[in-house]
Amino acid sequence: MKRAALMFATALAAILLTVSPAPAEQIQYVVHISVDGLRPDGVTSQSAAELPNFYRMRHEGSFTDNARTDVHSSVTLPNHIDQMTGRGVHGPPGASHNWSVNAWRRGGPTLHSNKGSYVAGVYDVAHDNGLRTGHYAGKGKFRLFDESWNAAGAAPDTTGEDNGRDKIDRFLYSRDMAALTSAWVSDMTARPQNYSFLHYRDPDITGHLFGWMSSKYLAVIRTIDGQLGAVFELVENHPAMRGRTAIIITADHGGQGRGHAKPLPNNYTIPLMVWGPGVPADGDLYAMNPTTRRDPGTGMPQWTAPTPPIRNGDVPNLALALLGLGAIPGSGINAAQDLKVLASVLDTPDARCLRVVGSRRRPRSLLPGRNRGVRTSRWTRGRRCTRTWRYGR
Ligand SMILES: [Zn+2]
């Protein structure tokens with residue numbers, strides 16, 4: 001009888017192992033998307049029928065609607081440097097990139113000359129380890145990245161085989177979002193880049209012209225949803241990328257009225273979504289990282305906060321972790337690569353309890369600042385899963 005039980009347990013364990021989420025090493029491609037000026041409610045105020053691909057990111061993957069921009073900046077260029085380097089404008093201590101202006105000029109400073117020392121980025125680690133990289137930018141000032149990490153500006157490749165200095169294999173700037181997507185699709189079809197970055201500019205442009213959350217702003221998010229459809233289409237049908245690709249979507253800042261520069265919740269609150277093999281469906285990124293990240297409510301924690309919020313600056317070291325690579329030298333945000341998104345590496349005992357509780361949309365009664373410590377729960381496959389919302393702390 002004992003023997004039978006043991007055999008049963010062994011068989012059960014074998015089954016559980018076969019169906020357990022894919023290991024990190026399965027992911028060979030990461031697509032990092034930044035939607036310029038995307039507020040979380042730019043998505044949640046629209047329906048899944050209107051935004052099928054954004055909702056697909058959320059329901060097949062894990063996400064938060066309460067990530068943060070840089071502590072000291074809610075404008076475009078500094079927040080994209082955070083997303084490329086894992087550094088902030090004036091922190092974390094010892095790991096700032098020091099680029100505070102939202103402008104670039106040809107022949108002007110690079111990231112390195114501005115800082116006074118070399119600033120490595122996600123491209124250094126990916127390229128130096130022999131991976132292919134791409135950067136598809138919707139604003140001309142992103143040529144800062146190409147100039148900082150091209151053959152003239154970047155550090156020598158001293159990791160393994162020398163793949164040359166130029167860290168970005170394909171750099172493209174286009175103001176036309178559809179053209180940007182089709183160039184990416186055609187480049188990736190021919191030769192996939194292990195790390196590629198796509199930047200969609202229009203929500204910011206439309207927000208400045210017509211207002212954040214205006215009907216035109218919301219319509220532009222629907223247009224980008226169509227671009228995401230093309231990304232999914234490729235990722236699921238390319239023989240090399242299928243089943244081996246993660247997609248990360250975040251933003252540089254939100255917006256309110258016709259601007260986004262002031263330190264207001266609507267400006268510094270952004271979404272972060274992760275989709276890919278091994279990423280829990282409907283996962284709440286804060287619930288998945290209970291000891292290393294803390295939901296900031298409506299506040300903006302400083303760089304020195306003992307438990308930081310999830311930030312857009314987490315993304316480059318997350319992307320590298322998913323690719324099986326170490327953190328960016330000199331980075332300070334997610335430098336321990338402890339923002340976990342794969343079910344196989346979570347500390348939480350029961351991944352089924354990580355799902356967003358209740359209805360698919362966060363209930364109105366749980367909007368930040370409204371309810372303190374509301375406890376909600378539901379039954380998931382026979383287990384009661386409870387979590388406490390910490391808004392309004
Ligand atoms: Zn703007």
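Values in this text are rule-based calculations from the coordinates and carry no lab data. The shown structure was predicted, so the numbers you read here are calculated from the model rather than taken from an experiment. All Cβ positions, glycine included, derive from the backbone under ideal geometry; neighbour counts span all protein chains shown.
Put in line by how crowded their Cβ is, counting other Cβ atoms within 10 Å and starting with the fewest, Lys340, Lys167, Lys262 read Lys262, Lys340, Lys167.
Applying 1/(1 + (r/R0)^6) with R0 = 35 Å to the Cβ-Cβ distance of Glu233 and His72 gives a FRET efficiency near 0.35. With the cut-off at 1.5 for a/c, could you classify segment 21-356 from its C-alpha gyration tensor as rounded, prolate or oblate? Rounded is the answer for segment 21-356, as its axis ratio a/c remains below 1.5. The peptide list 91-99, 263-271, put in order of mean Cβ contacts within 10 Å with the highest first, becomes 263-271, 91-99.
If you take all other residues with their beta carbon under 10 Å from the beta carbon of Ala126, and give Lys and Arg +1 and Asp and Glu -1, the sum is -1.
Take peptides 172-180, 246-254, 283-291 and line them up by average Cβ neighbours within 10 Å, highest first, as a rough protection proxy.
Working: 172-180: 16.0, 246-254: 26.8, 283-291: 20.9.
Descending mean neighbour count gives 246-254, 283-291, 172-180.
In this label model, Ser45 and Arg170 are separated by 3.6 nm, measuring between points 7 Å along each Cα→Cβ vector.
A protection proxy built from the mean count of other Cβ atoms within 10 Å ranks the segments 221-232, 316-327, most packed first, as 316-327, 221-232. A Cβ-based charge dipole, computed about the Cα centre of segment 21-356 with Lys and Arg at +1 and Asp and Glu at -1, lands at about 720 debye.
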